[in-house]
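To keep things clear, I will list the structure first and then write my remarks on it.
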Amino acid sequence: MTGLIRVVDYETTGTPEDADAEIIEIGTCDLLLDTMAIGREWSSLVCPRGPIPPVTRAVHHISHAMVQDAPQLREVVEPAFCDGLESGGIMAAHNAEFERHFTPDKTLRFICTYKCARIVWPDAPGHGNQVLRYWLGFDDMPDFDPVKADPPHRAGPDAYTTAFLLRELLRHKPVDELLTISKFPAVLKTMNFGKHKGTPFAEAPTDYLEWLRDRSEMGEDVKFTARRELQRRRKAQENHHKGD
């Protein structure tokens, strides 16, 4: 397959739920699909219109002084989203719903490396990109530069690390399947709540899974995982009856 996937990461002044949240840093890193090589790396601070709240500054440590002379968002749209990437092209991000919300070009398709990692490596010790970096051994790869991957929670380093994660995912799933996985909520392995906390969804009582699916106020990831497990059980029963 030819072409590229552009991995993107943003640092912002808030979350998608915040009405005035803005991008204050963009980082991108291309994965070249014909060679599976890491391509162009690019990043830029962005000058916001409003303030940077302390709660978000505590995550990325970007100060007002750092961005006051940075370009406006409209000035970095070309290198971030257009150069070498066609309209309707493919981008990737770890927790892509966040990046999708802030991306100006709504025609771009997104691979969510977080959701895909949960499918490909359900037994990983965690699914943050830094946990996966060390669990998958990126620092031992000959083309991985740890200097470019640090510090975490900055757009350029996080995009760089996620590009290697995307490459590892593509060793297990084709692009089209990763895009499909990314359209749905995340699949969870273990319950981290309630009376069955610590229990894998695959071992939870059926009536509890039905309650999660139909009557609980849990998030979409929990409801989706419960529904998926119930469907798996139903198909297993049907196949068992066919074999009798």
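Residues to consider are S63, S87; find the one that is among the hydroxyl-bearing types (S, T, Y) and open to solvent by 40 Å² or more (accessible area, probe 1.4 Å). Steps first, answer last, please.
Numbers: S63 fails: open to solvent by 40 Å² or more (accessible area, probe 1.4 Å).
None of the others qualify; the one that does is S87.
Here's a check for you: in the stretch 98-108, which residue that is within 19 Å of R40 (Cβ to Cβ) and surrounded by fewer than 20 Cβ atoms within 10 Å (Cβ to Cβ) is modelled with the lowest pLDDT?
Here is the first cut: in the stretch 98-108, the residues within 19 Å of R40 (Cβ to Cβ) are 99, 103, 105, 108.
The next check asks that each one be surrounded by fewer than 20 Cβ atoms within 10 Å (Cβ to Cβ); those that pass are 105, 108.
Details: D105: 85, L108: 91.
That would be D105.
Given (1) open to solvent by 20 Å² or more (accessible area, probe 1.4 Å); (2) in contact (Cβ under 8 Å) with a residue 12 or more places away in the chain; (3) not in a strand (DSSP E or B), identify the lone condition not met by T35.
Every listed condition holds for T35 apart from (2).
Check off (1) open to solvent by 60 Å² or more (accessible area, probe 1.4 Å); (2) in a loop (DSSP other than H, G, I, E, B); (3) under 18 Å from R118 (Cβ atoms) for K195 and give me the number that stays unchecked.
Evaluating K195 over (1) open to solvent by 60 Å² or more (accessible area, probe 1.4 Å); (2) in a loop (DSSP other than H, G, I, E, B); (3) under 18 Å from R118 (Cβ atoms) leaves (3) as the failure.
Just checking, which of P79, P53, P16 is within 26 Å of P185 (Cβ to Cβ) and open to solvent by 20 Å² or more (accessible area, probe 1.4 Å)?
Working: P79 fails: within 26 Å of P185 (Cβ to Cβ); P53 fails: within 26 Å of P185 (Cβ to Cβ).
Result: P16 is the single residue among P79, P53, P16 that is within 26 Å of P185 (Cβ to Cβ) and open to solvent by 20 Å² or more (accessible area, probe 1.4 Å).
Look at R154 and say whether it is open to solvent by less than 60 Å² (accessible area, probe 1.4 Å) and in contact (Cβ under 8 Å) with a residue 24 or more places away in the chain. Talk me through it step by step, then tell me what you get.
Details: open to solvent by less than 60 Å² (accessible area, probe 1.4 Å): yes; in contact (Cβ under 8 Å) with a residue 24 or more places away in the chain: yes.
The answer is yes for R154.
Just to verify a result, which residue in the stretch 109-126, among those that are aromatic (F, W, Y) and closer than 22 Å to T28 by Cβ, is most open to solvent (accessible area, probe 1.4 Å)?
In the first step, residues of the stretch 109-126 are kept if they are aromatic (F, W, Y); the result is 110, 114, 121.
From what is left, the residues that are closer than 22 Å to T28 by Cβ are 110, 114.
Details: F110: 9, Y114: 56 Å².
Looking at the filtered set, the residue picked out is Y114.
Only one of F138, F164 is within 25 Å of the chain's Cα centre (by Cα), within 30 Å of L108 (Cα to Cα), open to solvent by less than 30 Å² (accessible area, probe 1.4 Å) and touching a residue at least 40 places away in the same chain (Cβ under 8 Å). Can you tell me which?
On the way: F138 fails: touching a residue at least 40 places away in the same chain (Cβ under 8 Å).
One residue alone meets the criteria, F164.
Could you check how many residues of the stretch 1-21 are outside any strand (DSSP E or B), over 14 Å from A155 (Cα atoms) and touching a residue at least 12 places away in the same chain (Cβ under 8 Å)?
Of all residues in the stretch 1-21, those outside any strand (DSSP E or B) come to 1-3, 13-21.
Okay, now just the ones that are also over 14 Å from A155 (Cα atoms), so 1-3, 14-21.
Filter once more, keeping what is touching a residue at least 12 places away in the same chain (Cβ under 8 Å): 1-3, 14-16, 20-21.
Residues flagged as outside any strand (DSSP E or B), over 14 Å from A155 (Cα atoms) and touching a residue at least 12 places away in the same chain (Cβ under 8 Å) within the stretch 1-21 amount to 8.
Looking at N95, N129, which is the one that is touching a residue at least 24 places away in the same chain (Cβ under 8 Å) and buried (at least 17 other Cβ atoms within 10 Å of the Cβ)?
Details: N95 fails: touching a residue at least 24 places away in the same chain (Cβ under 8 Å).
Only one candidate qualifies: N129.
Of the residues that sit in the stretch 198-244 and are open to solvent by 40 Å² or more (accessible area, probe 1.4 Å), aliphatic (A, V, I, L, M) and closer than 28 Å to N95 by Cα, which one is nearest to the chain's Cα centre (by Cα)?
First, pick out the residues of the stretch 198-244 that are open to solvent by 40 Å² or more (accessible area, probe 1.4 Å): 198, 202-203, 205-207, 210-211, 213-215, 217-221, 223, 227-228, 231-244.
Checking which are aliphatic (A, V, I, L, M) leaves us with 202, 218, 236.
In the following step, the residues that additionally are closer than 28 Å to N95 by Cα were identified as 202, 218.
Values: A202: 24, M218: 21 Å.
Selected residue: M218.
Enumerate the helices (runs of 4 or more DSSP H) found wholly within the stretch 129-184, keeping only those where 1 or more residues are small (G, A, S). Full working, then the answer.
On the way: elements: 129-135, 155-169, 175-182.
Counting at least 1 such residues, we get 155-169, 175-182.
The values are calculated or read from the model by the stated rules, or taken from the named source; none is laboratory data. Quick caveat: nothing in here was measured; it's all calculated off a predicted structure. Neighbour counts run over all protein chains shown; Cβ positions are idealised from the backbone, glycine included. These area figures cover heavy atoms from the full protein model, side chains too; ligands, DNA and RNA do not enter into them. Shrake-Rupley method; radii C 1.70, N 1.55, O 1.52, S 1.80 Å.
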